[in-house]
Amino acid sequence: MTPDDESETAVRDAFSLFDHEIRLEILLALLEDWRAVYTEPRSYAELMDAVGMRDSGKFNYHLDKLRGVYVREVEDGYVPTAAVTALYRAVLAHRPTDRLALDRTTIDSTCPRCEGAAVLRYERGFVTVECSACEEWPGFTYPFPKNGIEGRDPDAVVRATARRARYHAGLARTGQCPFCAGQTAVDVHLESDADGWGDEDGESEDVVVEIACETCTFLVGMGPLPPLLFDGRVAGAFADIGVDLERADWELPAPTARVDARDPLRLALSVAGDAGTATIVVDDSLTVRSVDIER
């Protein structure tokens, strides 16, 4: 998304509040024993001692800058808000002083188009899986904090990233951004049809889903299945027909799409497993309307 003037102002204001060492020291002191809503307040005097300040006027000036958004005054002192703890976690996840990149490494997976060996690479904070032999498959890429790389072999990194992406997409499909909790918009379309949906009762595997947050920069594009897999009915149906949901998204059976109705729009996605076929009917917001199994 392109930030509007209001969003840009909010971002500038947020960063400006951290533009002083004393304010950072106050926040770090408050975060030492963070226990979410149960965090014990620290008194004004305790905060001054923790920061090492003796000038109450100067200390109070910087504390005032943080009050409201990042620091809340309660009966027994001061506590950090959820906003500042979210920023703190983001910094720990994406430490600017640590740089990590992984060269292309073969993983235990294959390209869904040519069955060539799949390879992993990690750069700019993104885990990317692509084919080593062809360019027909667009591949998979998703941001993954460098903390997740440590202690995992390449195959484990891929599984963890794919699971994370699937979880985020599943939440976003329901209308909530997994990062900022803003509202999301779902766009379902067929790439092969310039008019949107092709001939009624026609079939296609070119269904593409795009989910975007209306507030922040969250944006994902994928096939129609991954966002549906956290729906209990869909997951249960896949288990019944023998589809292993522990497999990466590109290793799952490709769905066959059919326009089931136009007004209101319904799209039927049929997935064949070892023990039968599951048909999931969704609307243009990717809301699951029905799930049927044919054995």
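Say we look at region 210-229 and pick out the residues that are in contact with a Lys or Arg (Cβ under 8 Å, 6 or more places away or on another chain) and hydrophobic (A, V, I, L, M, F, W, C); which of these is surrounded by the fewest Cβ atoms within 10 Å (Cβ to Cβ)?
L229
Just checking, which of T141, T128 is under 15 Å from D249 (Cα atoms), surrounded by fewer than 18 Cβ atoms within 10 Å (Cβ to Cβ) and not small (G, A, S)?
T141
Pick out the one residue from G175, G198, G202, G148 that is closer than 24 Å to A86 by Cα and modelled with pLDDT under 95.
Of G175, G198, G202, G148, the one residue that is closer than 24 Å to A86 by Cα and modelled with pLDDT under 95 is G148.
Kindly check whether there is at least one residue in region 281-290 that is in a strand (DSSP E or B), small (G, A, S) and either at pLDDT below 95 or out of contact with any Gly (no Cβ under 8 Å at 6 or more places or on another chain) (or both).
The answer is yes; a qualifying residue exists.
Quick check on region 88-109: of everything there that is touching a residue at least 24 places away in the same chain (Cβ under 8 Å) and among the aliphatic types (A, V, I, L, M), which residue is farthest from N60 (Cα to Cα)?
The qualifying residue farthest from N60 (Cα to Cα) is I107.
Within region 10-31, restricting attention to residues that are modelled with pLDDT of 80 or more and of a type outside the set (A, V, I, L, M, F, W, C), which residue is farthest from Y78 (Cα to Cα)?
It comes out as R12.
Which ones in region 230-248 are in contact (Cβ under 8 Å) with a residue 40 or more places away in the chain, surrounded by fewer than 19 Cβ atoms within 10 Å (Cβ to Cβ) and in contact with a Phe, Trp or Tyr (Cβ under 9 Å, 6 or more places away or on another chain)?
F230 - this is the single residue of region 230-248 that is in contact (Cβ under 8 Å) with a residue 40 or more places away in the chain, surrounded by fewer than 19 Cβ atoms within 10 Å (Cβ to Cβ) and in contact with a Phe, Trp or Tyr (Cβ under 9 Å, 6 or more places away or on another chain).
Could you say which residue among E75, E115 is out of contact with any Pro (no Cβ under 6 Å at 6 or more places or on another chain), over 21 Å from S16 (Cβ atoms), exposed (fewer than 14 other Cβ atoms within 10 Å of the Cβ) and in the same structural domain as E130 (by TED's automatic domain parsing)?
E115
So which residues in region 271-280 are assigned to a loop (DSSP other than H, G, I, E, B) and touching a Lys or Arg at 6+ places or on another chain (Cβ under 9 Å)?
A275
Kindly establish whether D260 is assigned to a loop (DSSP other than H, G, I, E, B) and either among the acidic types (D, E) or not assigned by TED's automatic domain parsing to the domain that holds A160 (or both).
no
Does Y70 fit the bill of being hydroxyl-bearing (S, T, Y) and touching a Pro at 6+ places or on another chain (Cβ under 8 Å)?
yes
What about A239, is it closer than 22 Å to Y167 by Cβ, small (G, A, S), part of a helix (DSSP H, G or I) and under 20 Å from the mean Cα position of the chain (by Cα)?
no
So is A83 surrounded by fewer than 17 Cβ atoms within 10 Å (Cβ to Cβ), among the aliphatic types (A, V, I, L, M) and under 21 Å from R247 (Cα atoms) or not?
no
The values are calculated or read from the model by the stated rules, or taken from the named source; none is laboratory data. No experiment lies behind these values; they were computed from the predicted model shown. Backbone-built Cβ (ideal geometry, glycine too); neighbour counts: all protein chains shown.
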